[in-house]
Amino acid sequence: MIRVVQGDITRLAVDAIVNAANETLLGGGGVDGAIHRAAGPELKAYTRTLGGCRPGDAKISPGFRLPARFVIHTVGPVWHGGDQGEAEVLRSCYRRSFEVALENGVRTIAFPAISTGVYGYPKEAATRIAVSVMRAFEPRFDEIIACCFSADDAERYRRLLAE
């Protein structure tokens, strides 16, 4: 089942939340900063041992002080107009996050809208990619949540999921 919620991803009691991280995995702005603050300093100490992450890949850590057991960190593409492989990198973020989740026994997972904040990915195109990969992995999970910050983002997910 794919469900859309509007709210704070750091409050979701799921097996794993996905972090739209930067390549260092050491915290940043937006959802990345919020996850690091909510998880506590143990998360930064742990991610320091992971050696960073390439765009399109994903790595896992404990959730520490979060209600989620795990955080899956993925690095989305910075939007450069769409002709530099951004779509494939974004698709890979979702796919690799699901693969890492499956390798670690995750049955419930929540995603933010990867790359649509400061990385500038157009929201409609990014949501289409997210929904297509979520649908492909839906049978292998008990619940997939698209956790949206704004009502507009939540409505976009609901509309595309209804198509």
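The values are calculated or read from the model by the stated rules, or taken from the named source; none is laboratory data. Keep in mind that what you see is a predicted model, and the values were worked out from it rather than measured. Here the Cβ positions follow ideal geometry from the backbone for every residue, glycine too, while neighbour counts run over all protein chains shown. Please note that ligands, DNA and RNA were not included when accessible areas were found on the heavy atoms of the full protein model with its side chains. Shrake-Rupley method; radii C 1.70, N 1.55, O 1.52, S 1.80 Å.
When you count the other C-beta atoms within 10 angstrom of each residue and take the mean per peptide, 128-139, 93-104 line up highest first as 93-104, 128-139. Rounded to the nearest whole Hz, the Karplus-based 3J(HN,Hα) values (6.51 cos²θ - 1.76 cosθ + 1.60, θ = phi - 60°) of segment 82-89 follow the sequence x, 10, 10, x, 4, 4, 5, 5, with x at glycine and proline. Along each principal axis, taking the top coordinate minus the bottom one, the Cα set of segment 42-91 gives 39, 22, 12 Å in descending order. Computed from point charges on the beta carbon alone (+1 for Lys and Arg, -1 for Asp and Glu), the dipole magnitude for segment 1-118 about its Cα centre is near 380 Debye.
Using a Gaussian network model of the chain in which every pair of alpha carbons under 10 angstrom is joined by a spring, one finds that among Leu12, Leu90, Leu25 the greatest mean-square fluctuation is at Leu12. Modelled spin labels at Arg128 and Arg3, positioned 7 Å past Cα toward Cβ, are 2.9 nm from each other.
Phi-derived couplings, Karplus 6.51 cos²θ - 1.76 cosθ + 1.60 at θ = phi - 60°, listed residue by residue for segment 21-27: 8, 9, 4, 6, 6, 9, x Hz, with x used for Gly and Pro.
For segment 74-79, putting each phi into the Karplus relation 6.51 cos²θ - 1.76 cosθ + 1.60 with θ = phi - 60° gives couplings of 9, 10, x, x, 7, 6 Hz, in residue order, rounded to whole numbers and with x for Gly and Pro.
The charge dipole of segment 97-163, taken about the Cα centre with unit charges on the Cβ atoms of Lys, Arg (+1) and Asp, Glu (-1), comes to about 120 debye, rounded to the nearest 20. Entry note, the chain: the mean residue ellipticity at 222 nm calculated from DSSP H runs of n ≥ 4, each adding -39500 (n - 2.57), is -12000 deg cm²/dmol after division by the residues and rounding to the nearest 500. Hey, could you get me the Stokes-Einstein D for the chain, Kirkwood radius over alpha-carbon pairs, 37 °C and 0.692 mPa s, rounded to whole µm² s⁻¹? The diffusion coefficient I find is 214 µm²/s. Within the accessible surface of segment 88-141, defined with a 1.4 Å probe on protein heavy atoms only, the carbon and sulfur portion equals 53 percent.
Net charge of the neighbourhood of Glu99, taken over other residues with C-beta under 13 Å away and scored Lys/Arg +1, Asp/Glu -1, is +3.
Per residue, the chain exposes 45 Å² of solvent-accessible protein surface, assessed with a 1.4 angstrom probe and all protein chains in place. Each part reduced to its alpha carbon centroid, segment 17-40 and segment 125-163 end up 21 Å apart.
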